[in-house]
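Okay, so here's the structure we're looking at.
The values are calculated or read from the model by the stated rules, or taken from the named source; none is laboratory data. As the structure is a computational prediction, the values presented were derived from the model and not from experiment. Here the Cβ positions follow ideal geometry from the backbone for every residue, glycine too, while neighbour counts run over all protein chains shown. Accessible surface areas use protein heavy atoms only, side chains included; no ligands, DNA or RNA. Shrake-Rupley method; radii C 1.70, N 1.55, O 1.52, S 1.80 Å.
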Amino acid sequence: MTNPAIAANGLRKSYGDKVVLDGVDLHVPEGTVFSLLGPNGAGKTTAVKILSTLISPDPASGEIRVGGHDLAAEPQAIRAKIGVTGQFSAVDGLITGEENMLLMAALHHLPKRDGRRVTAELLERFDLVDAAKKPASTYSGGMKRRLDIAMTLVGDPRIIFLDEPTTGLDPRSRHNMWQIIRELVTGGVTVFLTTQYLEEADQLADRIAVLNDGRIAAQGTSEELKRLIPGGHVRIRFSDPTAYRSAASALREVTRDDEALALQIPSDGTQRDLRSILDRLHSAGVEADELTVHTPDLDDVFFALTGGTAAVPDQTKEVVG
Ligand code: ADP
């Protein structure tokens, strides 16, 4: 049996009275992609910072091991095995991409010749050869992220933490990044990925944990998580707030999205079900701007698990009317 790449039991972190991580268990087998999914402020970055030894967990935490080493006792050994990229980018904009890479190689004490070889290989692999001699500040968002990952790979880490690696990237750069992540895993690297994007977790992760309010609300494969949701739903969107409120009262079992003026109603998507919803809207004298039918996907799971109450779907539906 190999060691899990990451094994954390009862991970806790508070700032003063604010509990950020409230007893989180994480187990990531070697060579897999694990995605920590959660809305803004859920505690994802805090978890990454702790697991990558940048900050300490609360003493009340259970045992935490990364790369087979105890986090409290052997942080240096862990640092030698991991790479971290994402929100705290290491790219220096004033120097060129190539210089950033060579600097990283020097920090890892690679002999000059090896540093130049690894730099050339990685610039090629991440499609940065043409830009190599330009200041990194002139790079696009996607190029900076690629350079950031390339710099992380100079140290040949076995575990890579990617904190929201595609936030703010255009769709093409996002797909490029996904391809890079897949190739890393093919090479045997373990990837710990945080994201706000369900599609990203769905595309990449072997296992997904949904973090909400400092606790794991659900954990499993994408398919397992989708099975938590009994059926699909209909989403009805309004532009008129008055119509939105009337519809929310007229329909039973709706989940409200007050910001988007949209209602979600559990539905199997059959003609009968849709007609009944439309009849009720009609009787209430309201007209929707848009009606879409959804089969269950990770969005539903996320919505159900992080939509105010961290519990199983039935308890999260706000019943109005
Ligand atoms: P996420 O990455 O999921 O968006 P974070 O881990 O960045 O969430 O933050 C989780 C919560 O912890 C937020 O409410 C944030 O304000 C709080 N937090 C993070 N770092 C600190 C800190 N150094 N001091 C106080 N509160 C913090």
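Details
- Compared with the dominant Cα axis of the chain, that is its longest principal axis, helix 241-250 is turned about 70°.
- Cα-centre dipole for the chain with unit charges at Cβ (Lys and Arg positive, Asp and Glu negative), debye to 20: 720 debye
- Computed helical MRE - 222 nm, the chain, DSSP H runs ≥ 4 contributing -39500 (n - 2.57), nearest 500: -10500 deg cm²/dmol
- Average projection, convex hull of the Cα set of the range 179-304: 9.4 square nanometres.
- Peptides 187-198, 126-137, 42-53 ranked from most to least packed give 42-53, 187-198, 126-137, packing being the mean of other C-beta atoms within 10 angstrom over each peptide's residues.
- Total formal charge among the other residues, if their Cβ is under 13 angstrom from that of Ala77, Lys/Arg +1 and Asp/Glu -1: +2
- Taking 0.36 nm per residue of separation and subtracting the Cα-Cα distance, full extension of the segment from Ala260 to Arg113 would add 47.3 nm.
- The fraction of accessible area contributed by carbon and sulfur in the range 122-270 is 45 percent, rounded to a whole number (1.4 Å probe; ligands and nucleic acids excluded).
- Each peptide in 155-167, 104-116 was scored by the mean count of other Cβ atoms within 10 Å over its residues; highest first, the order is 155-167, 104-116.
- Rounded to the nearest 10 degrees, the angle from helix 271-283 to the longest Cα principal axis of the chain is 70 degrees.
- Net charge of Cβ neighbours under 15 Å - reference Asp273; Lys, Arg +1; Asp, Glu -1: +2
- For the range 233-294, the Cβ-based charge dipole about the Cα centre amounts to some 200 debye (Lys, Arg positive; Asp, Glu negative; other atoms uncharged).
- Taking every alpha-carbon pair under 8 Å whose residues sit at least 6 apart, the chain reaches a relative contact order of 19 percent.
- Once you reduce the range 113-159 and the range 204-218 to the center of their Cα atoms, the two points are 31 Å from each other.
- Axis angle, to the nearest 10 degrees, between helix 112-125 and the longest C-alpha principal axis of the chain: 30 degrees.
- Length-normalised contact order of the range 233-294 in % [C-alpha pairs under 8 Å, at least 6 apart]: 50 percent
- In plain terms, if you count all Cα to Cα distances in the chain and split them into 20 Å steps from zero, the share in each step is 29, 48, 21, 2 percent.
- Under 14 Å, Cβ to Cβ, from Ala120 - net charge with Lys/Arg +1 and Asp/Glu -1: -1
- Between Gly83, Ser56, Ser140, the Cα set farthest toward the positive side of the dipole of the range 44-177 (charges on each charged residue's Cβ, about the Cα centre) is that of Ser140.
- For Ile6, nonlocal amide neighbours, meaning residues 5 or more places apart or on other chains whose placed amide H falls under 5 Å from its own, are Val28, Gly67.
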